[in-house]
Amino acid sequence: MAEGSQTPPSDAAAKKSARKDETHRHKTRPATHRRHHRPPPSARAPAPQPDHRDEEAGPRSIIPMPLGTETIDRLAHANMGRITANLSPASIGQAFADWAMHLASSPGKQVELGVKALRKATRLGMYTVEYAANPRTAPCIEPLPNDHRFDEACWCQWPFNLFYQGFLLNQQWWWNATTDVRGVSDAHEHRVQFATRQMLDTLAPANFPWTNPQVIETTLREGGNNFVRGWQHFLEDVERQTTGQPPVGAENFQPGRDVAVTKGKVVYRNKLVELIQYEPTTETVHPEPVLIIPAWIMKYYILDLSPENSLIRWLRDQGHTVFCVSWRNPGAEDRDLSMEDYRRNGIEYVRGVVQEIVPERNIHAVGYCIGGTLLAIEAARMARDEDDAFASLTFLATQVDFEEPGELQLFIDESEVTYLEDIMWSQGYLDTKQMAGAFQMLRSNDLIWSRVIGEYMLGERSKMFDLMAWNADATRMPYRMHSEYLRHLFLNNDLAHGRYEVQSRPVALTDIRVPIFSVGTEKDHIAPWRSVYKIHLLSDTDVTFALTSGGHNAGIVSEPGHPRRHYRVQTTRATDPYRDPDTWLAVASNHEGSWWPEWQRWLSKHSGRKVQPPGMGNAKAGYPPLADAPGAYIHQR
């Protein structure tokens, strides 16, 4: 156990849970309206498989099997992953083979693509002729709404207008070529589209100095000094990456000094988490404490950035007693930490500590991203075992059904998960750089190529800000835990189908009866809001769903007063009929501004009358303050 760690609350919560496991019988509930209860998995035993092992003593003794053949395979995959950016060549190869073979046997589709190619060439040719006669001729094709590579006015000048329009027409043709080929599976189609888009984005005219008018103009104006600065920026970035230093400017956002400065105390520490209690700023507080479970793929201070956009500080100032978990950054020695370790150490034990500090009060539990998924698992376990310690549940950008997990699904199949497992097996964890690479590929134009152009070609450093600095301060994922997460949740979708087990028994989200507030974000590519919305299908309780502008992080960090923010919100009662996402979108009320006050009103509605704030920690119960916030784990790299 980590130095200074504490035991769980007299093991009371664990013993109580164990007793309930031994004596639990599901209580009879009155008939309620179950919106979409999923059928249990089949109980049939698998059919016996023939034994093909070579048991003949003669051949086995003459030709012995070399030791470590599986180890050789795993090492080969791990070493290959360093070249392939952790992507399985077999997975990509299968997708392209599926697409190519079906396209080769589809003469009608080939004719269609040939006609489309001829039409696009004709469009570009006609535009060229018309532009020569009239420079104000409208472009023959416009970029997609989220494509800002060609927004500058200089792209409207000849010949650069032909460059980018030819590229967009080519991009459109490749989308047609990889879409709606009869017989290609959806997963393979999406993977081929993604790989093709990555290759095309690499060849965009904006990425080359001799075809980018903005770079040419800057180079002529500065006499090439932009490339001198860009080369210096490149060398500095390479040095920082190889030595493990944060990006330029991140040193101005140090936790405890510039960010994560909300005053509080570490009141509990174990081998995996620190629990922080924040000092009250109001004379009275709502009696139910708020316990926040952030994702362990990120550091908790996404919710406590600068004082003006800290959700934790804002919530505390509204009269709530706030606790937050800070996850330890695991290393190779933690390779065998499991999802159960994270559930027990990260939620069950800290919940017991909160109940010792604020006794006889239920808890408003809040989970963010994968932290919300783990919270849903624990809430289902508690409901199964008739533990009613939670007053409400709030899920921020949280998925509990992984059938449609968005663009991350591009990296999830048996081949890819096995490949990734071998990479993690070789080093004990999934490194921060390896995870960041996957997310960058999902938005390569914004996160890779725009930086190449701006910082290396134009010589202009991007200004660092708190959210960007936090994003560079990522954590590692232990081998066993991440393997279980990918297989049980993403690959098999066990939680949504009632197959996910806690303490050797399955849990069902439909057992949860406390009210739920769930937040999705419009531009989330990690937890798409329509996937987050599926909480309506998997719960038999009141669900208030809010859809806010922004993405996975910026949509959650959306403080009051932030410009150009809006949200929609609607409550679905347990007895109400199910509404599909599009119907919900049409009927939900639309509001300008931040969703935080809406959530706070919901929390207040489900809270009791205000009382005096509790003390910081509880020394008599064995939980004295150990250190000032933000604690020690936040500084681990």
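The values are calculated or read from the model by the stated rules, or taken from the named source; none is laboratory data. All of these numbers come straight from a predicted model, not from anything done at the bench. Counting neighbours? That spans all protein chains shown, and the Cβs are built from the backbone with ideal geometry, glycine included. Side chains included, ligands, DNA and RNA excluded: accessible areas come from the protein's heavy atoms. Shrake-Rupley method; radii C 1.70, N 1.55, O 1.52, S 1.80 Å.
A few comments on the model shown:
- Relative contact order of the stretch 321-471, defined on C-alpha pairs under 8 angstrom at six or more residues apart (%): 20 percent
- Axis of helix 107-133 versus longest Cα principal axis of the chain: the two differ by about 70°, to the nearest ten degrees.
- C-alpha center-to-center spacing [the stretch 339-366, the stretch 288-314] in angstrom: 16 Å
- Placing unit charges on each Cβ (+1 for Lys and Arg, -1 for Asp and Glu) gives the chain a dipole about its Cα centre, and among A629, Q94, L75 the Cα reaching farthest toward its positive end belongs to A629.
- The stretch 518-637, dipole about Cα centre (Lys/Arg Cβ +1, Asp/Glu Cβ -1), debye to the nearest 20: 300 debye
- Toward the positive end of the charge dipole of the chain, with +1 on the Cβ of Lys and Arg and -1 on the Cβ of Asp and Glu, the farthest Cα among P246, Q110, S504 is that of S504.
- Descending Cα extents along the principal axes, the stretch 87-215, whole Å: 46, 33, 23
- Accessible carbon and sulfur surface of the stretch 87-215 relative to its total accessible area, %, 1.4 Å: 64 percent
- For S607, solvent-accessible area (1.4 Å; no DNA, RNA or ligand), Å²: 20 Å²
- Angle between the chain longest axis and helix 89-104 axis [Cα atoms, degrees, rounded to 10]: 50 degrees
- For the chain, size of Cβ-based charge dipole, Lys and Arg +1, Asp and Glu -1, in debye: 1180 debye
- Using the 1.4 Å probe convention, the accessible area of the stretch 470-608 works out to 37 Å² per residue with neighbouring protein chains retained.
- Each label point was placed 7 Å from the Cα along the Cα-to-Cβ direction; for V129 and D258 their separation is 5.8 nm.
- Counting only protein heavy atoms and a 1.4 Å probe, the stretch 180-249 has 56 square angstrom of accessible area per residue.
- Taking the Kirkwood radius as Rh and the Cα radius of gyration as Rg, the chain has a ratio of Rg/Rh equal to 1.00.
- Accessible-area order (highest first, 1.4 angstrom probe) of the listed residues V248, V557: V248, V557
- Mean sequence separation of contacting Cα pairs (under 8 Å, at least six apart), scaled by the length of the stretch 87-215, corresponds to a relative contact order of 37 percent.
- Here's the picture: a label point sits 7 Å out from the Cα of E404 along the beta-carbon direction, and within the stretch 532-571 the residues with their amide nitrogen under 11 Å of it are 532-534.
- Exposure ranking of R182, R197 by accessible area [1.4 Å probe, largest first]: R182, R197
- The chain - percent relative contact order, Cα under 8 Å, separation 6 or more: 20 percent
- Computed accessible area, D334, all protein chains, 1.4 angstrom probe, square angstrom: 20 Å²
- Counting only DSSP H runs of at least 4 residues, each contributing -39500 (n - 2.57), and dividing by the residue count of the chain, the helix-based mean residue ellipticity at 222 nm comes to -11000 deg cm²/dmol.
- Only one residue of M477, W425, W210 has its Cα farthest out toward the positive end of the dipole of the chain, where Lys and Arg carry +1 and Asp and Glu -1 on Cβ, and that residue is M477.
- Distance from the stretch 209-235 to the stretch 532-575 (C-alpha centre basis), Å: 44 Å
- Solvent-accessible area assigned to carbon and sulfur over the stretch 388-544 amounts to 51 percent, based on a 1.4 Å probe.
- Rounded to the nearest 20, the size of the Cβ-charge dipole of the stretch 395-468 about its Cα centre is 620 debye, with Lys and Arg at +1 and Asp and Glu at -1.
- The stretch 264-377 - percent of accessible surface contributed by carbon and sulfur, probe 1.4 Å: 41 percent
- Degrees, to the nearest 10: 69-81 long Cα axis against longest axis of the chain: 60 degrees
- Residues V238, V543 ordered from highest to lowest accessible area at a 1.4 Å probe: V238, V543.
- A 1.4 Å probe, protein heavy atoms only, puts the accessible area of E217 near 100 Å².
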